[in-house]
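S.K.: Here it is, the structure in full.
The values are calculated or read from the model by the stated rules, or taken from the named source; none is laboratory data. Please read these numbers as outputs of a predicted model, since none were measured by experiment. Don't worry about glycine lacking a Cβ; one is built from the backbone with ideal geometry, like all the others, and counts go over all protein chains shown. For accessibility, only protein heavy atoms count, side chains too; no ligands or nucleic acids. Shrake-Rupley method; radii C 1.70, N 1.55, O 1.52, S 1.80 Å.
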Amino acid sequence: MEKIREMIKDKKRIVIKIGSSSLQHKETGDLDYTKLDVLVRELCNIRNQGKDVILVSSGAIAVGKKAVGLKAKQNATHMGFKQACAAIGQARLMMTYQKIFAEYNQIAAQILMTKNTIVDDVNRMNAYNTFTELLNLGVIPIVNENDTVSTYEILVGEDDVLIGDNDTLSAIVASLVNADLLILLSDIDGLYTDDPRINKNAEFIEEVEELTDEYMNMGKESTGSSVGTGGMNTKMTAAKIATSCGTDMIIANSKDIRIIHRIMDGRKIGTLFKAKKRDDFDVVEFIRNMHA
């Protein structure tokens, strides 16, 4: 285990996903600028080490709702309204990111994806080429699903495993760019044998050598946030995609964003899912069938 964690230091291409609940104050739904600043600083520090880093960031709809006077916890039923909130919120979120990245002399770029970005051969190649050139230029791509034209994320429930959650999206991005490591920052420490919020006897799992059905069944439909769309179930789907495509994955708690550099230092933090590349796993077909 120690040796495996030590190898994290040598990872060269890292995808980091952060959820809506990790970016906002629970009490108000407003953006947590302190966390955002620390997140950007951590990402820039990874980039300054000569590594490639990609951020998959949620939060657009919640930020948009707040901007038009609704708390993030409130649910509007009209799909068009949610899509409008996504349009407003994505622009505001990227503006905030750009301002903070600029303070560290780092260029960031926005990439909005849909299911069709992956399942269409031409679109997938274009996306790959864009990511490749941005990383070659030393830019940090910030990825989200394009909620203004795609309703998958808006429709997804906490018990679903659709492409519309950013856990799955981050794993797809990791597979697309051949990432060495995927870090999912969540509001839980990692994988447990049961939901620790309900079962105090739930045991923490430090490492998953191989993602068996038993582990997949531990990903029950629970999440501690009313802001995000992904529970542990979606994280296990992300683990299946990432590990099957040859990417190690870690689930860790985002309560302290500085946990990122501790993970990169090889410390025992979160649950590590070891990559086990499967030649018979077709990520494109897997994504195509998720909504079949």
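S.K.: In this structure, does Asn178 turn out to be in contact with a helix residue (DSSP H, G or I) (Cβ under 8 Å, 6 or more places away or on another chain), surrounded by fewer than 17 Cβ atoms within 10 Å (Cβ to Cβ), modelled with pLDDT of 90 or more and not aliphatic (A, V, I, L, M)?
M.R.: no
S.K.: I'd like the full set of residues that are out of contact with any Lys or Arg (no Cβ under 7 Å at 6 or more places or on another chain) and part of a loop (DSSP other than H, G, I, E, B), limited to region 268-292.
M.R.: Gly270, Lys274, Ala275, Lys276, Lys277, Arg278, Asp279, Asp280, Phe281, Asp282, Ala292, listed by residue number.
S.K.: Still on this structure, please answer the following. For the condition open to solvent by 50 Å² or more (accessible area, probe 1.4 Å), at pLDDT 90 or above, closer than 18 Å to Asp265 by Cα and not β-branched (Val, Ile, Thr), what is the one hit in Lys12, Lys51?
M.R.: So the residue among Lys12, Lys51 that is open to solvent by 50 Å² or more (accessible area, probe 1.4 Å), at pLDDT 90 or above, closer than 18 Å to Asp265 by Cα and not β-branched (Val, Ile, Thr) is Lys12.
S.K.: Would you check which residues across region 244-272 are among the β-branched types (Val, Ile, Thr) and open to solvent by 10 Å² or more (accessible area, probe 1.4 Å) and list them?
M.R.: Selection gives Ile259, Ile269.
S.K.: Could you list, in sequence order, all residues of region 33-44 that are within 19 Å of Gly64 (Cβ to Cβ) and open to solvent by less than 20 Å² (accessible area, probe 1.4 Å)?
M.R.: Leu36
S.K.: If you don't mind, there's one more thing I want to ask. So which of Thr34, Thr117 is closer than 30 Å to Gly246 by Cα and free of Cβ contacts under 8 Å to residues at least 12 places away in the same chain?
M.R.: So the residue among Thr34, Thr117 that is closer than 30 Å to Gly246 by Cα and free of Cβ contacts under 8 Å to residues at least 12 places away in the same chain is Thr117.
S.K.: While we're on this one: Those residues that are under 15 Å from His261 (Cα atoms) and either of a type in the set (D, E, K, R) or assigned to a strand (DSSP E or B) (or both), I need them from region 1-24; list them, please. It would help to see each step written out before you state the result.
M.R.: Going through region 1-24, the residues under 15 Å from His261 (Cα atoms) turn out to be 5-18.
The answer is Arg5, Glu6, Lys9, Asp10, Lys11, Lys12, Arg13, Ile14, Val15, Ile16, Lys17, Ile18.
S.K.: Here's another thing I want to ask about it. Look through region 263-280, keep the residues that are over 18 Å from the mean Cα position of the chain (by Cα) and free of Cβ contacts under 8 Å to residues at least 40 places away in the same chain, and return whichever of them is farthest from Thr247 (Cα to Cα).
M.R.: Taking the candidates together, the pick is Asp280.
S.K.: Contact list please: Cβ distance under 7 Å, first residue in region 200-215 and part of a loop (DSSP other than H, G, I, E, B), second residue open to solvent by 50 Å² or more (accessible area, probe 1.4 Å) and modelled with pLDDT under 90, pairs at least six apart or on different chains.
M.R.: Filtered contacts from region 200-215: Ala202/Thr193; Glu203/Thr193; Glu206/Met1.
S.K.: From the list Ala109, Ala102, exactly one residue is touching a Ser or Thr at 6+ places or on another chain (Cβ under 9 Å) and closer than 18 Å to Leu55 by Cβ. Which is it? Walk me through it before giving the result.
M.R.: Details: Ala102 fails: touching a Ser or Thr at 6+ places or on another chain (Cβ under 9 Å).
Result: Ala109 is the single residue among Ala109, Ala102 that is touching a Ser or Thr at 6+ places or on another chain (Cβ under 9 Å) and closer than 18 Å to Leu55 by Cβ.
S.K.: With the condition kept exactly as written, say whether any residue in region 30-38 is in contact with a Gly (Cβ under 8 Å, 6 or more places away or on another chain) and on the phi < 0 side of the Ramachandran plot.
M.R.: Yes, region 30-38 contains a residue that is in contact with a Gly (Cβ under 8 Å, 6 or more places away or on another chain) and on the phi < 0 side of the Ramachandran plot.
S.K.: Which of the residues spanning region 77-119 are in contact with a strand residue (DSSP E or B) (Cβ under 8 Å, 6 or more places away or on another chain) and open to solvent by less than 40 Å² (accessible area, probe 1.4 Å)?
M.R.: Initial filter on region 77-119 (in contact with a strand residue (DSSP E or B) (Cβ under 8 Å, 6 or more places away or on another chain)): 90, 93-94, 96-98, 101, 106-114.
Those that are in contact with a strand residue (DSSP E or B) (Cβ under 8 Å, 6 or more places away or on another chain) and open to solvent by less than 40 Å² (accessible area, probe 1.4 Å): Gln90, Leu93, Met94, Thr96, Tyr97, Phe101, Gln106, Ala108, Ala109, Ile111, Met113, Thr114.
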